[in-house]
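What follows is a single structure, written as structure tokens, with notes after it.
The values are calculated or read from the model by the stated rules, or taken from the named source; none is laboratory data. All figures in this text were calculated on a predicted structure; none of them were measured in a lab. Glycine gets a Cβ as well: all are built from the backbone with ideal geometry, and neighbour counts include every protein chain shown. Note: areas computed on protein heavy atoms with side chains; ligands, DNA, RNA excluded. Shrake-Rupley method; radii C 1.70, N 1.55, O 1.52, S 1.80 Å.
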Amino acid sequence: MTNTNVSARKRNTILRGRRLLLVGVFLLLVNQHALDPYAPTWQYVVAALSWTGRNRLLILFVRDVVHWWPIIPAFTLLTVGVIIFLTTQTAAVVGEVLGSILFLASRSRLP
């Protein structure tokens with residue numbers, strides 16, 4: 001291996017580790033209710049990020065249809081985005097409805 005490949009891999013590993021650490025800190029703040037005053041805003045951001053990730057995975061699938069694995073996380077991110085969005089819209093959405101949405105998404109057929 002060349003030296004540039006090793007440094008690029010090391011840099012990518014460090015960036016992934018930092019992202020994972022930031023997600024962990026964010027989830028810790030959510031679980032400790034430190035972000036409750038900003039609840040609608042961060043929930044919309046998380047829903048938008050999950051939809052963006054879903055779009056990127058679907059583009060990856062469309063580019064190479066033989067590899068169907070991006071469909072599974074794409075539908076998972078779609079479901080997470082819909083559930084987060086529905087919980088911010090109304091308090092009438094109960095856990096049974098959200099659970100049924102998750103169940104229906106898991107029953108989607110793969111090619």
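Values as computed for the structure displayed
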| quantity | calculated |
| --- | --- |
| Dipole of the chain, positive direction: furthest Cα of Ala74, Asn5, Phe85, with charges on the beta-carbon | Asn5 |
| The chain, relative contact order in percent, only Cα pairs under 8 angstrom and at least six apart counted | 22 |
| Residue-normalised accessible area of the chain, given per residue in Å² at a 1.4 Å probe | 79 |
| Of all accessible heavy-atom area on the chain, the percent that carbon and sulfur account for (1.4 Å) | 68 |
